[in-house]
Amino acid sequence: MSLPTVTPDYSGAGFVNLVASIAQACGAPARHPTLALLAPDELRTARNLVFVIVDGLGDNWLRAHGAGSELERRRRGAISSVFPSTTASAITTSYTGYTPFEHGLTGWYGYFGAAGCVAATLPFLSRGDERPLALRGVRPAQVYSAPPLVDLLAVPSFVVSHRSIIDSEYNRYHCGNARRFAYDTLAELVTQTEAAVKSGPGRKYVYTYWPDYDRLSHRHGVASRETASAFASFDAAFGRLLARLAGSDTMVVVTADHGFIDSPPGDLLLLEDAPGLSAMLRFPLCGERRIAYCHVQPGRTAEFIARARDWLGDRAEVRASRELVDEGWFGGGTPHPRFAERIGDVSLVMRERHTIKDWLPGESRHLHIGNHGGTSMDEMRIPLIVART
């Protein structure tokens with residue numbers, strides 16, 4: 001059975017529009033149209049605004065497996081993720097209000113000319129040897145150029161995130177002047193979010209991020225018992241949070257950055273098995289296993305596209321990357337000055353449950369069961385959950 005696909009929405013029914021509604025409600029200009037399902041005027045009616053992101057929670061999964069849960073009972077509808085439907089792109093949108101076209105982070109791996117290498121976007125490490133980009137003399141502002149949204153808000157801001165990432169280069173840049181609260185457990189996530197909301201009498205914006213659902217979906221698959229158990233634990237924590245915020249006049253908005261699909265091992269394609277393709281690339285593959293960007297040697301793009309289409313057949317859509325830009329897949333706005341180098345010359349948009357991978361010396365040959373980044377409905381549709389305390 002074919003997986004239904006959807007295109008990203010940036011016009012009023014997508015993740016970037018939700019962030020625009022939040023920005024405008026908190027006194028900052030909205031860079032893009034606000035969300036039709038949740039207008040800024042509604043958000044302004046509450047004294048406090050808590051924005052919770054459950055990394056990886058797709059709307060299809062929530063409706064199929066979370067019926068009657070605290071989260072599902074407060075579901076208002078579904079919205080579109082950005083493209084690619086992945087953490088690096090969507091979380092950066094949540095931190096900045098910019099589309100991927102504007103902020104320039106287009107996948108887990110990207111080629112960064114300032115560093116002269118392919119690097120993991122969020123850990124700020126070069127691919128293969130996993131060395132900090134700082135050792136190459138690269139500063140975060142040379143890669144992360146979009147200004148933090150919290151610095152534009154007219155209210156005090158707080159970020160609640162897992163201790164393992166709260167002080168990363170990525171987070172420190174994108175959290176701007178917000179106060180950062182770290183947690184180790186779900187119980188502490190609730191406590192820290194409550195503490196931020198109750199830190200003073202004035203209006204506040206609190207951004208809370210939970211990564212464990214994503215981590216377990218990658219490792220065990222989104223259809224696994226481990227993922228279902230993690231969801232149940234978070235759902236219970238969400239119920240406790242609402243109870244502890246009762247009477248605080250707080251609007252709690254919950255969504256995700258993307259959803260998931262499970263990809264069987266037989267649907268993994270290895271670039272090393274493609275006749276002659278690796279030899280035509282200037283750099284290793286960038287992006288994600290569901291959307292790979294190829295930097296082709298000068299003068300060989302047409303040949304690469306032809307060979308890739310011959311090898312991949314109906315398992316992927318092989319496109320000139322510029323075509324995806326022109327069709328609006330990455331959103332609108334003023335392009336990041338180095339956007340072209342981030343998406344290479346050719347994009348491999350994987351179909352159905354297929355993924356593609358190459359390997360560098362020193363990389364562990366582990367495979368994720370759960371994947372995202374593509375255009376299937378399971379990956380692209382995320383829930384909008386709204387609660388008032």
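So the values come out like this:
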item	result
Cα-based Kirkwood hydrodynamic radius, the range 97-220, one decimal, Å	16.0
Linear extension gain, residue 314 paired with residue 278, 0.36 nm per residue minus alpha-carbon span	11.0 nm
Rounded FRET efficiency, nearest 0.05, which uses the C-beta distance separating residue 45 from residue 243 and R0 of 35 Å	0.95
Listed residues 312, 135, 37, most fluctuating in the chain (Gaussian network, C-alpha, under 10 Å)	135
Estimated Rh, the range 305-362: Kirkwood, alpha-carbon pairs, angstrom	13.1
For the chain, with +1 on Lys and Arg beta carbons and -1 on Asp and Glu, the positive-most of 6, 52, 25 along the dipole	25
Size of electric dipole in the range 266-366: Cβ of Lys, Arg +1 and of Asp, Glu -1, about Cα centre, debye, nearest 20	160
Full-extension gain in nm, residue 3 to residue 139, via 0.36 nm per residue minus C-alpha separation	44.9 nm
Dipole magnitude of the range 1-146, debye to nearest 20 (Cβ charges: Lys/Arg +1, Asp/Glu -1, about Cα centre)	200
Most mobile listed residue (286, 294, 117) in the chain, GNM with C-alpha springs under 10 Å	117
Quotient of Cα Rg and 2.2 N^0.38 Å for the range 266-366, N being how many residues it contains	1.06
Semi-axes of the equivalent ellipsoid for the range 143-216, Cα gyration tensor, largest first, Å	19, 18, 9
Share of pairwise Cα separations in the chain, more than 39 Å, in percent	13
The range 41-162 - Rg over Rh from alpha carbon coordinates, Kirkwood radius	1.03
Helix-derived mean residue ellipticity, 222 nm - over the chain, DSSP H n ≥ 4, -39500 (n - 2.57), to 500	-8000 deg cm²/dmol
Debye, to nearest 20: dipole size of the chain, +1 on Lys, Arg Cβ, -1 on Asp, Glu Cβ	860
Net charge contributed by nearby residues that have their C-beta within less than 13 Å of residue 138 (K/R +1, D/E -1)	+3
Largest-first ellipsoid semi-axes for the range 156-272, taking √(5λ) over the Cα gyration tensor eigenvalues, angstrom	31, 18, 11
Quotient of C-alpha Rg and 2.2 N^0.38 Å, computed over the range 223-322	1.73
Extension gain, residue 322 back to residue 177 (0.36 nm per residue minus Cα-Cα distance, nm)	48.6 nm
Charge dipole of the range 266-366 about the Cα centre (unit charges at C-beta), most positive-ward option of 301, 330, 318	330
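Rule-based calculations on the coordinates, nothing more; no lab input. Since we're looking at a predicted model, the values are computed, not measured. Virtual Cβ from ideal backbone geometry, glycine too; neighbours counted across all protein chains shown.
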